[in-house]
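Reviewing the structure listed below.
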Amino acid sequence: MAAATVTPSFAPGRYVLVRLLSFLLVAAIAFVVERQVVPSLNNYDATLIVRSLLYASLAVSLNLINGITGQFSVGHAAFFLVGAYVSGYVTRNYFDSQDPLLWITGMTVVGGVAAAIAGIVVGLPSLRLRGDYLAVATLGFGEIIRIIVQNQDGKNLSFGGLDLGGAFGLNKIDKLTHVWHVVVLFILIVALCRNLLKTSHGLSFLAVREDELAAEATGVNTTRTKVVAFVLGAAMAGMVGTLFAHHEGFITPVTFDMSTSFLILTMVVIGGTGSITGAALAGAALKLLEEALRKIDQIPAIDLLGYIVSALLVLLLVKTLRRSRFGENGRHVFLSLLGAVALAGAVVKGLALSGDADSGYVRFVGWAMLAVGSLSILFIVVALVRRAGATVGERMLTGLGWAGALIALVGCYVHWFTGVSVVIKVSVIAMLLALAAFTTLSGHGRRGMPAFGAVVALFGSLIVVKMPVTMALHSVPFIEENLKDTLYSPNNLRMAIFAFLLVVVMLVRPIGVLGHHEFSWDLVKRMFGMKHKQQEIAV
Amino acid sequence: MESLDWGQLPQQLVNGLQLGAIYALIALGYTMVYGVLKLINFAHGDVYMVGMYLAYYTAMQWFNREAMNPYVLLFLMLIISMVGCALLGLLIERVAYRPLRNAPRISVLITAIGVSLLLEHGGLLVFKTSPPPSIAQDVNVFSQTMDIFGVAVTQSRLVVFGVTVVLMFLLWYFVTQTQTGRAMRAVSHDFNTAALMGVNVSRIIGITFIIGSALAGAGGMMNATALGTPLTTFAGLLPGVKAFVAAVLGGIGNIPGAVVGGFIMGIAENLVVWGGLGGYKDAVAFVILIIILLLRPGGLFGSPVDKV
Amino acid sequence: MSLLTLDRATIRFGGLVAVNDVSFMIHEGDLFGLIGPNGAGKTTCFNLITGVYKPTSGDVRFDGRSIRGLRPSAIAALGIARTFQNIRLFSALSVLENVVIGGFLRHRCTLTEALCLLPRSIKETDDLVVEAMKLIESFNLTEFTNWRSSDLSYGDQRRVEIARALATRPKLLLLDEPAAGMNPQEKQELMAQIRRLRDEFGQTILLIEHDMKVVMGICEKIVVLDHGAEIAAGSPEEIRCDPKVIEAYLGEPV
C-alpha cells in the first residue's frame, strides 16, 4: 500500500543497476532490430516501421506540449519541417564520405537545435495567449514557416537566394537513416518524457496544465515552464524530422502542411491528452492505419453509403429505444438480438463457404466463421443462464462480449493469412490480443464485459442492418443511376476517417482513449488483480 | 525586386474590396458564433466551400435552358446556396457542438477541427474529386467591364459588392431591431443570465448558426460566380482561416468589426500581390493575425480583452 | 522589523478603486485578520500582495525589500504562500502530487538532470514526497493520499490547499476564507489547527474571514476594509467597539 509510509525509492546501488540494465536493453533492442528483424523484412515493411515510429515520436513530442503542459498547439508540423529541411539541406550540400553514423547523429542534433530555435521564436510570443487563441496563433506560425520555405526556390522571393527547391522540395538527401536509429530515437523521446514525469519538474508541468494561477502562487514560473515545454517538444520534433528527411530521401513542403499538424494533433487527442502511452500507441496505430488504407481495395459507393446510413439508423434506434418505455434493458436486448442475428449469419455464411471446395483458404475461413459463430451463440446461452443478478439485456451483452473476445482471437489467426504487410499484421494482432486480454482477464474487464459486448453488438447490428439498407438504396433510381459505377478509394478518404474518429472520440470520451493513464507494471498488476489498492475505491 | 507599378494600385484596391466583401461575409459567421458560443467554428470555411459547390451544381442543373432567365438563375443559385448552407450549419451544430455544450472549450475546438477535416475530406465522397472548372465564364451575365476613374471594374464585382452590402444591412437590421436579434446579443453578452431571463438559448444558437452559415453560403456562391476560384473541397480552408483573421482583427464578436476586418484582409492580400510578393499572399493573413493577437488581442474595435 | 508592509497601496480597474490607500504592517509571528463586507477589496488585497495584480500606486515590502511588480512565482519563492477563496487545486492530480508541487520551488536539480533522471533529481523528488507525506499526515489526510484531489470533500480540499501552501515553507501564509463552506465543527477544528501552526511552528498568518466569530476568536490584530479603504485597525476588542465598523459591517455589536 502506498499510503501512510513512503519509502524513498532512491538507492544508489539499485539506481546504477537499473540504469545500466535499461541502457543494455535499448542496445539489445537496437541490435535485434537491425540484425534480426530488418533483414527478414522487405523494404516496404521497414518503411512502415520507420514511419509509424516517427509519427509515434511526433505524437509523444506534441503530447509534451498539448497534453502534459496543457498548451494547445496546432502547428507542430512546422518544427518537424524545420528539422527535416535544415538537416536535409546540410547533408545534401556537405555530406561526402564522413562516417554515416556519426553524421546522422550530428544531423539529429542540428535538426533538434534548429527546431528548438524555431520553438523559441514561435513560443515566446504565442505562449502569452491561451486556449483557442493560442491554437490559432500556432497554426498561423506553422503556416508562415511552411510558406516561407515553399518560396525558397533560389529565385527572387528567396531570402538571399537560398534554394530549398521551392514547392518541389529538397531531393537527393542521402538516405542515412537505419531502422534502429528510429527505434533508438523513439525510445529516447519516450524515456525523456517519462523521466520528466517521474520528478517534481514534471509535476510542475502538470501544475501549469491544471491551473496556471495556482501554479504561479505555488512558485512555478508558468511562462518559463510553458516555453521550456514548447522548446523541448519542438526540439524532439526536429530530431524526428531529421530522421524522416534522411529516410525518405526527398521532402516537399506539402508534407508538412496544416493537415499534418492536424494529423499529429489527432493522434495526441485520440490517444489521451497527457498520456505518453496513449500518444505513442495512437501515433503508431493511426500511421499504420493510414498506410494500410492505401492498400485496401476500392469500395463501391453504394456499399459505403449503405454503411453510413445504417450506422446512423442503428444509432438513432438505440437512442430512441433508450428514451422509450423499453428503457436501457430494452436497448440491450435489441442490440444483443441484432448481434446474435449477425452471429447466426456468420454461421450460415460459414456453412456456405466451408462447402466451397475451390480454395483451401476460403474453406478454412468458412470453418472458422462456423466455429466462432456457434461457440459465440453458446457463450450467450451460458451467460444468459449463469449471471443471475443482472438484467436479461446485460446478460446477453456479457455473452456477446465473450463472443467478441473469441472473435478477436480467431480473427487474429485468420488475419495472419491475409496479404497485407507483416508489420500491419503484427500490430493489428497485438492490438486485438491486448483488447481480448484486457476484456477477458482483467478485473476491469469482467465488469466492462457488457460494454464490450455492446460494441460488438453495435458492429453486428451494423452488418445486419446494412444488408436491407443497401438493397433499398439500390432500388432508388436516382442513386442507382448516379453511383452505380462509382468506386471510392479508401486512400483518399483516410483523413476523413481520422476526422470522423476524432469527432467520435470527442463526443464519446473527450479525454481520449487512455485519458491520463500511463502504462506501468503497477497498472498491469492491478489489472490482473495481483495487487489491490484501497485508494482505488474512490467515491 | 521590380519597382512598384503605381498605376496598378487603384485596380488592386478595387480587387481587394471585392475579395474583402467575401471575407467579410464569412467573417460575420465566425464572429456571430464566437459571440454566442465562444467557439472558433473551424468548419465555417468548409460551409462556405459547400456553398460554392451548391451554386455550381444549381447552375449545371438549369444553365443553358432557354426558359431560364439568367438573373433568375443567379438568384436561384444564391438562395439555394444560402438555404443549403444554413441547413448544413444547423446540422453541424446539432450533431457535433450541442452534445459538448458543457465540455471544456478545448474539446469543442478539437471537435470543430474534426468537423472541418471531415467536410474537406468527406466532401470528396459527395463532390467530384477532380476539380470541376469554375463557373465564372459560363454563368456570368455581368461580364461587361465598366470604367470608373480609370479602374476597370467588371459588373459582376459591383453586383457582388452590392449584394454583400444588402446582406450586411439585413443582418444589422436583424441583430439590432428584432426581438430575436436582441436575444442573440443578450446570449453573447452572458450565456447563463440570458437563459435565466427566459431566452431559449438553444434556439438562439441554432439561429446564429443558420444565419452565419447562410452568409457563408452567399459568399461561396458569389466567389464561385464572380471570382471563378477553382472548385475543390479544400477551397474553403484558406478563405476560412483568413476570414477568421478578419474577425479577430475587427474584434471577435463584433459585427461591424468583422466587416471592416474582412475588407482590410482583402486589400492587404492584394497589396502584397501588387508589391511583387505573390508567393507570400497566404502568409500575410497569419502575420496580421499574430501581430493583432500579440498587440491587441481584443481586435481593432474590441475592448482590450484581459488575456487571463 | 515588520515582515510585510503595505504602504499606501492603491489599485484601480478603470474607474473603480478596488483597494484605496491601504497600509498595514504584519510582524513575524502575527496572526493577522483582514475582514470586511462583500466586495470590500479583501481578495484584491491578497492578489496585490501575491503579485497577481500590480499596485497602481503605493508599495508592498516583504522581508525588507519591495516586491512590487514581481511575478507571483517570484513572490512565492521569497516566502509568501496563499490559498484561494474558490479552491484552486490541481484537480486531476492526486493529493500527494498537489502537496509535492508545493515543495517544487525548493528543488535544486536542473531540468536536464530531471530529463536524464540523474540521481539528484530522484533523491530530491523522494525527499519532497517524504516531506509532503508528513504534511498530509499532520492534516489527517493520509487516507486520501492517492485520491484525485477533486474527489475529496469540500473541507478536505481546503485542507489540502493549506498543506500545499505550507509545503512551500512560507514565511507568511495567506489564507483566503479558509473556513468558507465548512460546517461549524469542521470550522472549529480548522481554527484550532491554524492556531497550532502559529503557536507551535511560529508561522505568520494573514487571514481573510467572513465569519466574525472565527476572526475574533483567533486573530490578535485585525484590519477592516470597506469599499477598498481601511476603516479600522486594532485588536478584536477595539474593532468590536469601533462605530465605523459596526455601521459598515456588523450592523450590531457582536
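A compact table of results
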| quantity | calculated |
| --- | --- |
| Test: A:Ala454 is within 24 Å of the chain's Cα centre (by Cα) and either at pLDDT below 80 or of a type in the set (Phe, Trp, Tyr) (or both) | yes |
| C:Thr168 vs. criteria facing chain A (nearest Cβ under 10 Å) and of a type in the set (S, T, N, Q) | yes |
| Criterion (within 13 Å of chain A (Cβ to nearest Cβ), of a type in the set (A, V, I, L, M), assigned to a helix (DSSP H, G or I) and out of contact with any Leu (no Cβ under 8 Å at 6 or more places or on another chain)) met by exactly one of B:Ala214, B:Ala268, B:Ala246, B:Ala226 | B:Ala246 |
| The lone exception for A:Gly119 - which of (1) within 14 Å of another protein chain (Cβ to nearest Cβ); (2) open to solvent by less than 10 Å² (accessible area, probe 1.4 Å); (3) closer than 30 Å to B:Arg296 by Cβ; (4) among the small types (Gly, Ala, Ser) it fails | (1) |
| All positions within segment A:389-423 that are assigned to a loop (DSSP other than H, G, I, E, B) and hydrophobic (A, V, I, L, M, F, W, C) | A:Ala390, A:Trp416, A:Phe417, A:Val420 |
| Residue within segment C:43-50 that is in the same structural domain as C:Asp242 (by TED's automatic domain parsing), modelled with pLDDT of 90 or more and assigned to a loop (DSSP other than H, G, I, E, B) present | yes |
| Criterion violated by C:Arg148 - all others in (1) in contact with a Ser or Thr (Cβ under 7 Å, 6 or more places away or on another chain); (2) open to solvent by 60 Å² or more (accessible area, probe 1.4 Å); (3) more than 24 Å from A:Arg194 (Cα to Cα) satisfied | (3) |
| Filter result for A:Ile29 (at pLDDT 90 or above and assigned by TED's automatic domain parsing to the domain that holds A:Thr277) | no |
| Residues that are in a helix (DSSP H, G or I), within 7 Å of another protein chain (Cβ to nearest Cβ) and charged (D, E, K, R), drawn from segment A:122-173 | A:Asp132, A:Glu143 |
| Set A:Leu139, A:Leu176: member being more than 30 Å from C:Cys109 (Cβ to Cβ), in contact (Cβ under 8 Å) with a residue 60 or more places away in the chain and open to solvent by less than 10 Å² (accessible area, probe 1.4 Å) | A:Leu139 |
| Residue in segment B:274-284 that is of a type in the set (A, V, I, L, M, F, W, C), open to solvent by less than 20 Å² (accessible area, probe 1.4 Å) and at the interface with another protein chain (Cβ under 10 Å from one of its Cβ atoms) present | yes |
| Per-region count, segment A:213-239, residues open to solvent by 10 Å² or more (accessible area, probe 1.4 Å), facing chain C (nearest Cβ under 7 Å) and among the aliphatic types (A, V, I, L, M) | 3 |
| Conditions (1) β-branched (Val, Ile, Thr); (2) under 19 Å from B:Ala43 (Cα atoms); (3) buried (at least 21 other Cβ atoms within 10 Å of the Cβ): number failed by B:Thr232 | (3) |
| Check on C:Leu225, under 18 Å from C:Phe46 (Cα atoms) and at pLDDT 90 or above | no |
| Condition broken by C:Ser121, with the remaining ones in (1) open to solvent by 10 Å² or more (accessible area, probe 1.4 Å); (2) modelled with pLDDT under 90; (3) of a type in the set (S, T, N, Q) satisfied | (1) |
| Residues that are of a type outside the set (D, E, K, R) and open to solvent by 20 Å² or more (accessible area, probe 1.4 Å), drawn from segment A:180-194 | A:Trp180, A:His181, A:Val184, A:Phe186, A:Ile187, A:Leu188, A:Val190, A:Ala191, A:Leu192 |
| Count of residues meeting criterion [within 14 Å of another protein chain (Cβ to nearest Cβ) and under 16 Å from B:Gly212 (Cβ atoms)] in segment B:249-260 | 2 |
| Extreme residue, surrounded by the fewest Cβ atoms within 10 Å (Cβ to Cβ), among residues of segment C:151-182 that are in a loop (DSSP other than H, G, I, E, B) and polar (S, T, N, Q) | C:Ser153 |
| Unique match (being over 12 Å from the mean Cα position of the chain (by Cα) and aliphatic (A, V, I, L, M)) among C:Leu166, C:Leu173, C:Leu207, C:Leu128 | C:Leu128 |
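The values are calculated or read from the model by the stated rules, or taken from the named source; none is laboratory data. Predicted, not measured: the structure shown is a model, and the values here were computed from it. Ideal geometry is used to build each Cβ from the backbone, glycine not excepted, and the neighbour counts take in all protein chains shown. Please note that ligands, DNA and RNA were not included when accessible areas were found on the heavy atoms of the full protein model with its side chains. Shrake-Rupley method; radii C 1.70, N 1.55, O 1.52, S 1.80 Å.
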